[in-house]
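Notes follow the structure.
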Amino acid sequence: MKFDDLVFNNNFYKSIYKGLIQQRKIANKAMMSAVVILSTGLLNAPALAQPSIQENAEQPPALIDPNIERREIDESDIDTEDFEIGIFGGFISIEDFESSSVVGASIAYHINENLFLEARYAQATAGQTSFELLSGGAPFLTEEERDYTYYNLSLGYNINGETFFTDNLVFNSDVYFTVGAGSTDFGGDERFTISVGAGYRLLLTDFWALKVDVRDHVFTSDIIGVEKDVHNLALTLSTTFFF
């Protein structure tokens, strides 16, 4: 090979090598530019998205409407006064002496919304015993001795509630229990009496109520010859007023 050919070939390869190096530099610069552009876009993305998020936060969708129309309900409550006075009537089953009508009056003092004290006075007239009806013999008691009168003082406890007649007609009501002591005048003698009972009170207005209750009056009696504890059950309906 001649010397001129060697020089030519050497210069040819050098030009090719320089071209490759230059293309590699151009490629590296292009890659760096792309990385810079991409990084800048990622860093600025939250700032670009923030205004839209704030706009959505300022106007949330109205899922629940807080402006609810209130319904007016007229329900009675006990008036501010603590005293309750009433009259009642009903029936009392006097043990061994048939059932009789009974009438009476009551006055109560409400200590608080649950506790109250009540005094009662009532009168009835005893009927005949089964022995008197069947035998036709002499009566056990005179007409005057058949008068049945009792009075007692009771401690009561209310369980407050409500009674719904319709969706719009609502009344306050109570279920109550009583226990007390007093005296019963019957058969010509006065007898110490224990009473227990339960009832239901319906408040029609803030001062007027209706009550139905049942009470058992227990005392010791020897009228028919054998001394024993007798139970005299009274079922009454009353109307009361607060003042």
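The values are calculated or read from the model by the stated rules, or taken from the named source; none is laboratory data. Owing to the predicted nature of the structure, the values given are computational and were not obtained by experimental measurement. Here Cβ is always computed from backbone atoms with ideal geometry, including for glycine, and neighbour counts include all displayed protein chains.
Assorted remarks:
- In the stretch 98-117, the residue that is surrounded by the most Cβ atoms within 10 Å (Cβ to Cβ) out of those that are in contact (Cβ under 8 Å) with a residue 40 or more places away in the chain and outside any strand (DSSP E or B) is Asn114.
- Considered as a group, the residues in the stretch 142-157 that are out of contact with any Lys or Arg (no Cβ under 9 Å at 6 or more places or on another chain) and surrounded by 11 or more Cβ atoms within 10 Å (Cβ to Cβ) include one that is farthest from Glu95 (Cα to Cα), and that residue is Tyr157.
- Residues satisfying the stated conditions in the stretch 158-182, i.e. surrounded by 14 or more Cβ atoms within 10 Å (Cβ to Cβ) and among the aromatic types (Phe, Trp, Tyr): Phe171, Tyr176, Phe177
- Criterion (at pLDDT below 95 and over 29 Å from the mean Cα position of the chain (by Cα)) met by exactly one of Ser76, Ser99: Ser99
- Long-range neighbours under 9 Å by Cβ, at least six apart or interchain, first residue outside the structural domain of Ala105 (by TED's automatic domain parsing) within the stretch 137-160, second surrounded by fewer than 19 Cβ atoms within 10 Å (Cβ to Cβ): none
- Selection status of Gly199, touching a Leu at 6+ places or on another chain (Cβ under 7 Å) and among the small types (Gly, Ala, Ser): no
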